[in-house]
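Encoded as structure tokens, the structure appears first; notes follow it.
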Amino acid sequence: MSDKIIEVQQLAKRFGSFEAVKDVNFTVYKGDVFGFLGPNGAGKSTSIRCLLSLIKPDRGEIKIYGQTLAANRSHILARTGSIIEKPDFYKYLSAYQNLAIFSRISGATASAKEIYQMLDFVGLAGREKDKVAGFSHGMKQRLGIAQTLLHKPDLIILDEPTTGLDPQGIIDIRNLILRLRDEQGKTVVLSSHLLAEMELIANRMVIINKGKTVVEGEVSKLLSSDDLVVQLEIDKVEAAKNYLKNHLPQLEIIDSTATHLELAITKSMLPELNKLLVQQGFSIYAIESKRKLEDYFIKMLKADAVE
């Protein structure tokens with residue numbers, strides 16, 4: 001495994017009586033596009049603000065580039081770029097003028113040539129002299145990413161970068177993030193509440209809920225198509241449950257209603273399950289399957305909406 005860029009252990013942060021983050025743990029490796037995933041209110045933004053030293057955690061340890069954030073804040077932030085919420089610009093100045101000003105403020109002193117190269121990289125070539133007031137939301141997001149590149153950071157942290165974008169804007173940001181990794185060698189951490197988006201862009205991710213880490217790992221393994229949650233619409237539900245407990249005890253029966261059974265099952269077992277139930281005289285009216293983690297995340301979002 002490649003070098004560790006971020007190590008977070010037992011992170012916790014309270015605001016008055018509200019515990020926004022309780023126990024968040026994850027590791028980001030060099031070259032990752034790392035998804036920081038969870039429903040709204042899960043503690044994503046609070047955790048990211050702790051990573052950027054915008055707020056101080058109550059408990060836990062953050063290491064970035066192998067150094068503790070508490071003791072090496074200036075050195076770490078000098079190698080880190082970020083967009084939190086939405087980027088702000090001087091709207092009556094041009095894209096070029098904004099980057100030139102931010103370059104001087106940050107002490108990066110990017111040359112005119114470098115600024116034009118950054119604008120070209122994010123897809124704003126030809127719009128360098130246009131006022132930001134006339135930019136779409138997606139263009140402002142791309143300009144924000146150009147701003148994060150001014151001081152040549154190794155790590156880029158983006159908080160919900162596709163929020164409010166139209167489908168084409170989402171695709172543009174997604175492709176830009178992948179180019180940051182593949183063409184510029186950046187490590188990228190991005191938060192989102194969209195599992196489908198993480199599947200398309202991230203190679204590793206962590207899911208947090210209610211301020212705690214739920215699961216972490218490689219996206220391809222976490223979202224394996226082999227581990228399924230299957231919902232059967234079936235007659236004689238109780239009899240079917242008893243049969244499965246006796247003849248397929250390795251199956252996990254997650255839930256049941258008067259008309260449906262919900263099971264955790266591997267994809268390879270599904271044909272055998274269907275065959276056995278039909279042979280035993282059960283009528284199956286419908287089979288609906290979801291990947292196990294996908295089903296869990298959907299339920300997490302529904303629970304969050306109810307609360």
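None of the figures in this text is laboratory data; all of them are computed from the coordinates on show. Nothing here was measured: the structure is a model prediction, and the numbers come from that model. Here Cβ is always computed from backbone atoms with ideal geometry, including for glycine, and neighbour counts include all displayed protein chains.
Net charge dipole, segment 22-139: roughly 200 debye, given to the nearest 20, about the Cα centre with Cβ charges of +1 for Lys and Arg and -1 for Asp and Glu.
Ordering Leu124, Val219, Tyr285 by the projection of their Cα atoms onto the charge dipole of the chain, which places +1 on the Cβ of Lys and Arg and -1 on the Cβ of Asp and Glu, puts Leu124 at the extreme positive end.
Per the Debye calculation on segment 4-222 with a single equal scatterer at every Cα and no solvent contribution, log₁₀ I(q)/I(0) for q = 0.11, 0.18 Å⁻¹ amounts to -0.53, -1.33. Straight-line cross-link partners of Lys236 among the lysines, defined as a Cα under 18 Å from its Cα and at least 8 positions apart when in the same chain: Lys245, Lys275. About its Cα centre, the chain has a charge dipole of approximately 1080 debye under the convention of +1 per Lys or Arg Cβ and -1 per Asp or Glu Cβ, with nothing else charged. Picking from Val229, Leu244, Asn203, whose Cα lies most toward the positive end of the charge dipole for the chain (charges on Cβ: Lys, Arg +1; Asp, Glu -1)? The Cα lying farthest towards the positive end belongs to Asn203.
DSSP assigns beta bridges within the chain; of those with both partners inside it, close to 70 percent run antiparallel. What you get for segment 112-247, charging only the Cβ of Lys and Arg (+1) and of Asp and Glu (-1), is a dipole of about 360 debye around the Cα centre.
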